[in-house]
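Worksheet: one structure, shown below.
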Amino acid sequence: MSDSLRDSTLGFLIDAGLTRGQSVRLSATLDTMISQHAYPEKVGEFLAESAALTALLASTVKYDGVFTLQVRSSGPIQTLVVQETADGKMRGYARYDEAALTAATSNADGKENPVAHYFGNGVLTFTTEKGTETYQGVVGLDKTTLSECVCDYFRQSEQIESDIRLSVKAPDETNGWRVGAILLQKMPFDKKIVALMNSADGDELWNTADILLKSATPAELTDPLIGHEELLYRLFHQNDLHFFTPKNVDFGCRCSKEKVLEMLRHFSKQDRKDMIQDGIIKVDCQFCGKSYTLTLKDLGE
């Protein structure tokens with residue numbers, strides 16, 4: 001497979017750095033994440049959007065641990081979690097109320113706010129681990145898409161004008177789950193730079209870039225034969241487009257027997273005894289579904 005068609009993120013600049021961007025394409029990683037749990041399609045769609053947002057946001061910050069995006073809500077979809085390590089290993093899972101989700105899906109037609117319909121009250125948080133320090137941003141679920149919620153966070157909390165174009169494609173006869181997205185952010189600009197670009201207004205450059213972003217079609221964003229560079233060149237080839245080195249993304253779960261044992265040791269001895277059924281403790285990884293069968297002997301008891 002061509003590197004340009006691999007699951008990856010690609011950073012870029014346009015208009016002499018007045019606008020920065022990130023592009024993400026996920027297919028095999030996403031399909032593994034969703035299909036191994038056989039999530040309903042609507043849950044898969046929101047998990048796919050969360051995975052794309054995780055890849056986009058993780059590419060805009062420096063971290064050496066784990067970047068985590070999490071949604072918690074009172075609605076039918078109760079939890080979404082996606083994590084990406086600094087070396088591009090991604091995993092995720094969802095929790096939902098099956099009966100409430102079925103009811104919400106059956107009467108979803110005509111609903112103007114899918115986020116409110118499927119999540120109700122809730123928050124989106126993203127957490128960055130850097131050394132021994134942890135940074136967290138909190139986003140309200142008061143827009144119609146998770147992408148719009150994230151953009152509103154940047155505008156309100158970071159004072160960075162941002163826009164995201166994102167599309168999810170459910171599996172068909174030839175392809176699994178796919179998602180493609182592009183993030184644009186307006187950077188502080190020096191009037192001298194704007195003058196050198198023969199433009200009277202940096203805001204005008206941003207508005208033009210945003211219009212071009214919105215012209216990207218869902219089919220282009222999820223086409224498995226169109227790489228980052230090709231689509232970005234279609235959109236911004238007249239905007240002094242420059243690429244950075246792409247970052248590959250692959251599915252990767254960090255669960256292990258040792259980590260499960262460490263988790264169990266945080267429970268009291270009585271709690272661990274209460275977990276025993278037929279002489280064993282069974283623990284399933286919520287990310288990858290792998291099962292660990294343990295005994296108290298494994299815990300040294």
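Could you list, by residue number, the cysteines of the chain that have no other cysteine's beta carbon within less than 4.7 Å of their beta carbon?
For the chain, the answer is CYS149, CYS151, because their Cβ atoms have no other cysteine Cβ under 4.7 Å.
Using 7 Å Cα-to-Cβ label points, what is the GLU148/GLU173 separation (nm, one decimal)?
3.5
HN-Hα J couplings of segment 244-252 from phi, Karplus 6.51/-1.76/1.60, θ = phi - 60°, integer Hz, Gly and Pro as x?
These are the phi-based 3J(HN,Hα) values: 9, 6, x, 10, 6, 10, 9, 5, x Hz.
Leaving out ligands, DNA and RNA, and with a 1.4 Å probe, what % of the accessible surface on the chain is carbon or sulfur?
49
Within segment 80-103, what residues put their amide N at less than 12 Å from the label point 7 Å along the Cα-to-Cβ vector of VAL61?
84
Using r as the Cβ-Cβ distance of LYS214 and LYS259, and R0 as 41 Å, what FRET efficiency do you calculate, to the nearest 0.05?
Given R0 = 41 Å and the Cβ-Cβ separation, E is 0.40.
Which residues does the label zone of THR105 cover in segment 24-63, counting backbone N under 12 Å from a point 7 Å along Cα→Cβ?
38-46
Enumerate the residues in segment 115-132 having an amide nitrogen under 17 Å from the point lying 7 Å beyond the Cα of SER74 toward its Cβ.
Label zone hits: 115-124.
Ordering THR222, THR144 by how much accessible area each has at a 1.4 Å probe, largest first, what is the list?
On the way: THR222 15, THR144 45 Å².
Largest to smallest exposure gives the sequence THR144, THR222.
Using only Cα atoms and rounding to the nearest 10 degrees, what angle (0 to 90) does helix 41-58 make with the longest principal axis of the chain?
That works out to roughly 60 degrees.
With the cut-off at 19 Å, tell me which of the pairs LYS42/LYS111; LYS62/LYS259; LYS89/LYS259; LYS89/LYS247 have Cα atoms farther apart than that. Before the final figure, lay out each step's value.
Values: LYS42/LYS111 14 Å; LYS62/LYS259 26 Å; LYS89/LYS259 17 Å; LYS89/LYS247 11 Å.
In this structure, LYS62/LYS259 exceed 19 Å between Cα atoms.
Please list PHE154, PHE267 from largest to smallest accessible area, probe radius 1.4 Å, with all protein chains kept in place.
Values: PHE154 20, PHE267 85 Å².
The ranking, largest first, comes out as PHE267, PHE154.
Per DSSP helix of 4 or more residues, -39500 (n - 2.57); summed, then divided by the residues of the chain. What does that give at 222 nm, rounded to the nearest 500?
Computed ellipticity for the chain at 222 nm equals -9500 deg cm²/dmol.
List the aspartates and glutamates whose Cα sits under 14 Å from the Cα of LYS290, skipping any in the same chain fewer than 8 residues away.
GLU258
Extension gain LYS297-ASP97, at 0.36 nm per residue separation less the Cα-Cα distance, in nm?
Length gained, LYS297 through ASP97: 68.4 nm.
The values are calculated or read from the model by the stated rules, or taken from the named source; none is laboratory data. Note that this is a predicted model, so its numbers are computed, not measured. So basically every Cβ, Gly included, is an ideal-geometry build from the backbone, and we count neighbours across all protein chains shown. Surface accessibility is based on the protein's heavy atoms, side chains included, excluding ligands, DNA and RNA. Shrake-Rupley method; radii C 1.70, N 1.55, O 1.52, S 1.80 Å.
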